[in-house]
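The values are calculated or read from the model by the stated rules, or taken from the named source; none is laboratory data. It should be emphasised that the depicted structure is a prediction, and the values quoted were computed from it without experimental measurement. Positions of Cβ are generated from backbone atoms using ideal geometry, with glycine treated the same way; all protein chains shown enter the neighbour counts.
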Amino acid sequence: MTQIKNTSFLLLLLLIVQACDKKETTNKPEKNNIEYANSSIETMIQNMSIEQKVGQMTQVNIDVISKGEVYKLDVPHEIDSAKLDIALNKYFVGSILNAAGYPFSRKHWKNIITTVQTKAVSEGSKIPVIYGIDAIHGANYTVGATLFPQQIALAATWNPTLVEQAASITAYDVSASGIPWNFSPVLDLARQPLWGRYYETFGEDVHLAKTMGKAFVKGYQGDDPKHPQKVAACLKHYVGYSFPLSGKDRTPAWIPDRMLKEYFLPTFKTAIDEGALSIMVNSGEVNGIPVHASYELLTKVLRDELGFEGIILTDWEDIIKLYKDHHIAANMKEAVLLAINAGVDMSMTPNNYSFNDALIELVKEGSIKESRLDESVRRILIAKEKLGLFETPYPNFDNFPKFGSKEHALQSLQAAREAITLVKNESILPLSTSTKILVTGPGANSLNYINGGWTHTWQGDETKYNTPGKNTIQEALKILSPNVTYMEGSGLDTNINTLETLKEAENHDVIVVCLAEDPAAEGPADINVLDFPEAQQNLVKELHKSGKPIVVVSTTARPRIIREIEPLMNAILLAYLPGDEGGTAIAETIFGLNNPSGKLPFTYPKYQGLNITYDHKHTEKINRFLGQTSSLSEYDAQFKGLVYQWDFGYGLSYSNFKYTELKLDKKSYTQSDTLNIEVTLTNDSDIEGSEVVQAYCSDLVASVTPSVKRLRGFKKIKLNPNESKRVKLNIPVKELAFVGIENKWIVESGEFTLNVGGLKTNFSVNE
């Protein structure tokens, strides 16, 4: 290993080590973990060598144990027995991740998992490996698995029961592959639409993301993660990952402590309380400190404040990046010292053993105590025990009769149906199957464009791996109607046959334009501007010349600005990234076989540089010109409503819903009370439909400037034609809390407004 030559850095390291020695929580086993640890685990730890303990803390990529070079594995994929021997008998590796860049059959997964586990439990440390995978929207690296809508689309359903079912089926399919650990869900808040992983989130709102995240963890782990059809959840990416100042993946975030606590921590706290077994760390930095090196965030906040007892896992090469990218360490050894002392339990190294070598050296020279290793190893072994790996290191691969079943496909279809959000309808939708329809645009004939990244491959752009038998939008429309014609019109950013498409439009009654964006994941999914590419906008503009009504279907990873072309559209359906069943769900919605019930999980922007969320502050008066003292009534009238295209929580239906008789059980509450809300919801139409009843509260006066409103509760309700229901919502007063001046959660006494469906009533909270 490279020796530290800088004397000042040596002194700094000495101070770090001394400081860590004084922090008892760093070197003492955590009380709650000991309660979970049985005597056999403690005996196991006592009998392990330093090398074996470090091995348990190491996660390597499948490339390390496979034939072929890293990132250039042989096809078809094979395990290299010599490399596997090095991994398990020399380095005692405790965890492996990933596929070889393309989806494996269940048969091949069985071969991999069986080969690895057989050797792991009989040689080396004799401890089963915990295998992990990025099953982001279904078991996307297993051939024949059910693919669901991406998380942002699931958030648009506002249906936590449906979301839990999607997670449960994903767990089933991942387990059917022999894999017990899924790196999901993403609990980052979507507040920077340029960021490439926007679509992997549950949207911009804390309450919605908390609710959906809890449902996902429950679906993955169930009541007992040891169940053979359940997997360990891994919460991503702790913390602040989704709010990079530049909009680029893995770049710095600057988040005030108050904002971090109030907006970015609660989603993780809720999932931790649900029992999540692991957390993956933000690859970037927050306020100048890489999270992988932050004792404050990983130990003081995550462990001590949030009460997390499970595995803290790095993301890809992120300890290496502490010296290669962040430049807070001079070499790998210094980087490992910082990360382990900060609180990291397992390193996704992932393509070499540099972590092992460095950590072993640090322990043997006394820079890191062996007892510190024991803490991490204990957490890892407890997770393996909770998953039943000591009892059954590989599952019964034949015990999954519903894998790839029609039943699971129908669940995915229902999720796609409920995600679709109707944001504009000038009495054009639904269409009759007798209507002559011209369907065009880049999204019309691509499964990749309705699935997005993390679909069979990392970027999701390989057509040869697409699921057989699934319909694109134009194919699904043609199945339901003989009066559908397809023409390309344009590519994502190129004109193909726009003028020919315009001429063809003369022979049709309605034009369906399918707008889309490139499937991509992580950094490659970052974009520079939110506007739709010019070619797609021009397609809409040219087709408008036909005088025929235009229905737009948008399948994108984030909101894309349509301000200039929106007036040319008669109806707009946002389908997000609806997955393999998305084409069918969209076609059903266009023809009225599905009544749209989706609601926006984000605020849809209208301008490129105006990124505003629904819960903005009162002073963000961006619909008027600030700084003038004269009357601005004419200015306000002229520019009113130009702040955003559509508000968070917005979404139309083919039904007409009315809200009446909003009532609270009382007008004054104590901080231990619960708001018992009732409102009458009526389906004032002849069409069965579902509505999301949303309850927003506004703190009228607070010691820290309050948001104009905050979502505090919601419930999805299905109503028959002309049916009314009395809907009840229960919101604990403690849910009205905010992070106050002293940086602590507080509910202040004072006046509040409750808003449900446009109806308002006031109430007060007292000491």
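Of note:
- All told, Q608 falls short of being in contact with a helix residue (DSSP H, G or I) (Cβ under 9 Å, 6 or more places away or on another chain) and modelled with pLDDT under 95.
- Residue list for the range 553-572, filter: closer than 17 Å to P596 by Cβ and in contact with a Leu (Cβ under 6 Å, 6 or more places away or on another chain): V553, S554, A571
- S412 being crowded, with 20+ Cβ neighbours inside 10 Å and either among the β-branched types (V, I, T) or under 21 Å from the mean Cα position of the chain (by Cα) (or both): yes
- For the range 96-143, the tally of residues that are in contact with a Lys or Arg (Cβ under 7 Å, 6 or more places away or on another chain) and either farther than 17 Å from L381 by Cα or of a type outside the set (A, V, I, L, M, F, W, C) (or both) stands at 2.
- Screening S175 against (1) farther than 19 Å from E691 by Cβ; (2) in contact with a strand residue (DSSP E or B) (Cβ under 8 Å, 6 or more places away or on another chain); (3) among the small types (G, A, S) leaves a single unmet condition, (2).
- Just one of the listed residues (K218, K226, K210) is of a type in the set (K, R) and closer than 20 Å to Y696 by Cβ, and it is K210.
- Note on the range 406-480: enclosed helices (runs of 4 or more DSSP H) holding 2 or more residues that are small (G, A, S) and touching a helix residue (DSSP H, G or I) at 6+ places or on another chain (Cβ under 9 Å) are 406-419.
- Among the residues of the range 355-374, none qualifies, meaning not one is surrounded by 18 or more Cβ atoms within 10 Å (Cβ to Cβ), part of a loop (DSSP other than H, G, I, E, B), among the aromatic types (F, W, Y) and in contact (Cβ under 8 Å) with a residue 40 or more places away in the chain.
- Inter-residue pairs, beta-carbon under 9 Å, first in the same structural domain as T589 (by TED's automatic domain parsing) and within 30 Å of L154 (Cα to Cα) and in the range 543-555, second of a type in the set (K, R) and not in a strand (DSSP E or B), 6+ apart: S554/R560
- Residues of the range 421-440 that are within 18 Å of Y576 (Cα to Cα) and touching an Asp or Glu at 6+ places or on another chain (Cβ under 8 Å): K424, T440.
- Scan of the range 273-292 for residues that are surrounded by fewer than 24 Cβ atoms within 10 Å (Cβ to Cβ) and either part of a helix (DSSP H, G or I) or of a type in the set (F, W, Y) (or both), ordered by number: D273
- Odd one out for F400, checked against (1) crowded, with 20+ Cβ neighbours inside 10 Å; (2) touching a helix residue (DSSP H, G or I) at 6+ places or on another chain (Cβ under 6 Å); (3) not in a helix (DSSP H, G or I): (1)
- Residue that is within 27 Å of A167 (Cβ to Cβ), in contact with a helix residue (DSSP H, G or I) (Cβ under 8 Å, 6 or more places away or on another chain), at pLDDT 95 or above and crowded, with 20+ Cβ neighbours inside 10 Å, where the choices are I340, I312, I319: I312
- The range 42-142 holds helices (runs of 4 or more DSSP H) entirely within its bounds, and those carrying 1 or more residues that are within 32 Å of the chain's Cα centre (by Cα) map to 50-56, 106-122.
- Some residue of the range 653-667 being part of a loop (DSSP other than H, G, I, E, B), among the polar types (S, T, N, Q) and surrounded by fewer than 17 Cβ atoms within 10 Å (Cβ to Cβ): yes
- Any hit, the range 321-339, residues being under 25 Å from W181 (Cβ atoms) and in a loop (DSSP other than H, G, I, E, B): no
- Conditions (1) within 24 Å of P559 (Cβ to Cβ); (2) polar (S, T, N, Q); (3) over 29 Å from the mean Cα position of the chain (by Cα): number failed by Q459: (3)
- Count - residues of the range 218-247 that are out of contact with any Leu (no Cβ under 9 Å at 6 or more places or on another chain), of a type outside the set (S, T, Y) and either over 21 Å from F397 (Cα atoms) or assigned to a loop (DSSP other than H, G, I, E, B) (or both): 8
- Filtered residues of the range 488-532 (kept if among the acidic types (D, E) and free of Cβ contacts under 8 Å to residues at least 24 places away in the same chain): E500
- The test for being under 23 Å from Y394 (Cα atoms), out of contact with any Phe, Trp or Tyr (no Cβ under 8 Å at 6 or more places or on another chain) and of a type in the set (A, V, I, L, M) holds for I86.
- Flag for N352 being in a loop (DSSP other than H, G, I, E, B), in the same structural domain as V121 (by TED's automatic domain parsing) and at pLDDT 95 or above: yes
- Matching residues, the range 65-95, being of a type in the set (V, I, T), in contact with a Ser or Thr (Cβ under 7 Å, 6 or more places away or on another chain) and within 23 Å of S376 (Cα to Cα): V93
- Scanning the range 738-745 turns up one or more residues that are surrounded by fewer than 15 Cβ atoms within 10 Å (Cβ to Cβ) and touching a helix residue (DSSP H, G or I) at 6+ places or on another chain (Cβ under 7 Å).
- Scanning the range 718-755 for residues that are closer than 18 Å to A695 by Cβ and either in contact with a His (Cβ under 9 Å, 6 or more places away or on another chain) or without any contact (Cβ under 8 Å) to a residue 24 or more places away in the chain (or both) gives E735, A737.
- Residues in the range 749-767 that are assigned to a loop (DSSP other than H, G, I, E, B) and surrounded by 14 or more Cβ atoms within 10 Å (Cβ to Cβ): G757 alone.
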